[in-house]
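Inspection log for the structure reproduced underneath, given as structure tokens.
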């Protein structure tokens, strides 16, 4: 009986079974063995061409194995000669020390180009293997491939004992694709397998995004390079991708070439930026960057959970600038719309200046390739004027909303980096968008615990550059009208989305959507029990990291209420009614009368007095 069971098992593994959909017969696939050509002889620890070769991965012997001299971006596979739809994959780890765990996060890919530039993922190994034993998985990808391969996890020298591919002849289609988790996949393959190495040099690449229940595929040429500042020093690198054509990726509002892949290395919840962008939308900032959590592969190697996000630039559905003056007038006066950044690292940028108040400012638009001398002088003069005459030239509405996002999130770096912009035909300088929150929500040892402080975070250890601390003080601490406006904005937001019930529900939804991806991410980057970047505390698990954010939010809402002298009464607005057949008076939350009637006022929260009754009314 045991022999019969063994024979049945062998027959199942060789997959001589007709597929229900096509009638094609699956078989164990054979072809020309391809892959990394430089092997290692562990006896001498030297490169070899005769020991642990590629052929060992396909010799049917579980006592031999393939191992490469290079530690990462190594692989082995088959040229099948024509496209096959792969339906099953088998593998065994190398029969050596730690062999079973060396296959963890190994990735299988299929391609139709011999350089694997067009490769799509077929499977990622999420469990350790067993020594001298094959593991199998069914593949759910409807596309046919001529070339198939196994890509080693990082720093593992391939170390695979045996590989098997099964399937049937066919070019297939893209109706069913594979994702690593429930999140979209961004797969980048670079020319000649070059790994991006700095922020200046673009590497030619083919960029693929798989989304929408495994059935949506976007592939196009472009370039990739590193990005970021402090994040650039982390083992998990951040990237900027640039398509050769404009694309609207996933459900992003903007159609653009440039996009960012933010690494969130020091944010063990992987959600702080997403949560801060939620705050920005809740405070009605004119533009909040698009962001979506994704899984990233680079040249077939799993890189972890990332945040696919807008690149901050001037474009429709990003920073939209009204720019309508005649070109002739522009050339004569230098008048221009602009996007700048108060930036502690401005000195490292190609286009920047130091303001009259001593604040470093990077000019992002017009960019360094097109900006004229006249435009540069104009932008500097406009910023200097705003610094000294902020009541006339600073848009207080966006500045205060930006301030509240920074303070509610507890962002240490709010005034280390601040984006600001101006339309050409308007003298007003606006603040935004918000950006960079990996240290927010009590994740910075320099300010933790934020809610134990008696003053705003920017005045209590937060990072500020140039003259920004004094500039913000003039507005948010010393100016009564600005403080009244801030209270009005806070009350409006509290009565809508900025409350414990709404925000904690959003945290719950993020935790659920990130669950599968975070497990893979922390296999790849096992830092949960390490202090990295500015982590103040080791919480010990993903669940505990997220719970810390929940605690912080609940405490911070009450802290700001107390700081502003505000009493939050939930659901008060929903129960109010105005009798439009009777006379009434309208006031803003500072007590100033508002002209007109409720139907003509901009959205916000107002006080309505009708007879002796005074009630709050929300206008959406």
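Any read-out appearing in this document is the output of simple, stated calculations on the displayed coordinates, not a laboratory observation. Remember, it's a predicted structure, so these values are computed and weren't measured experimentally. Cβ coordinates were reconstructed from backbone atoms using ideal geometry, including for glycine residues, and neighbour counts include every protein chain displayed.
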Where does helix 480-494 land angle-wise versus the long Cα axis of the chain, in degrees 0 to 90, nearest 10?
-> 50 degrees
Order of 282, 152 under a 10 Å beta carbon neighbour criterion, fewest first | 282, 152
In whole angstrom, how far apart do the alpha carbon centroids of the stretch 271-310 and the stretch 411-442 sit?
-> 17 Å
Taking Cα pairs under 8 Å and at least six residues apart, what relative contact order does the chain come out at, in percent?
-> 9 percent
Over the stretch 185-310, calculate the relative contact order: mean separation of alpha carbon pairs under 8 Å at least 6 apart, over the residue count, as a percent.
-> 23 percent
Nearest 10 degrees, 0 to 90: helix 373-388 Cα axis against the chain principal axis | 60 degrees
Distance from the stretch 79-122 to the stretch 483-560 (C-alpha centre basis), Å = 37 Å
Neighbour-count ranking for 348, 398, 370 (other C-beta within 10 angstrom, fewest to most) reads 370, 348, 398
Relative contact order of the stretch 171-211, pairs being alpha-carbon contacts under 8 Å that are 6 or more residues apart, as % = 48 percent
Given the rule -39500 (n - 2.57) for each run of at least 4 DSSP H residues, summed and divided by the residues of the chain, what is its mean residue ellipticity at 222 nm, to the nearest 500 deg cm²/dmol?
-> -7000 deg cm²/dmol
Proxy reagent accessibility, fewest Cβ within 10 Å first, across 88, 272 | 88, 272
Output the peptides 131-138, 72-79, 284-291 sorted from most to least packed, where packing is the average of other Cβ atoms within 10 Å over each peptide's residues.
-> 72-79, 284-291, 131-138
Relative to the chain, whose Cα atoms define the longest principal axis, helix 542-564 and its Cα axis are tilted in degrees, nearest 10, by 0 degrees
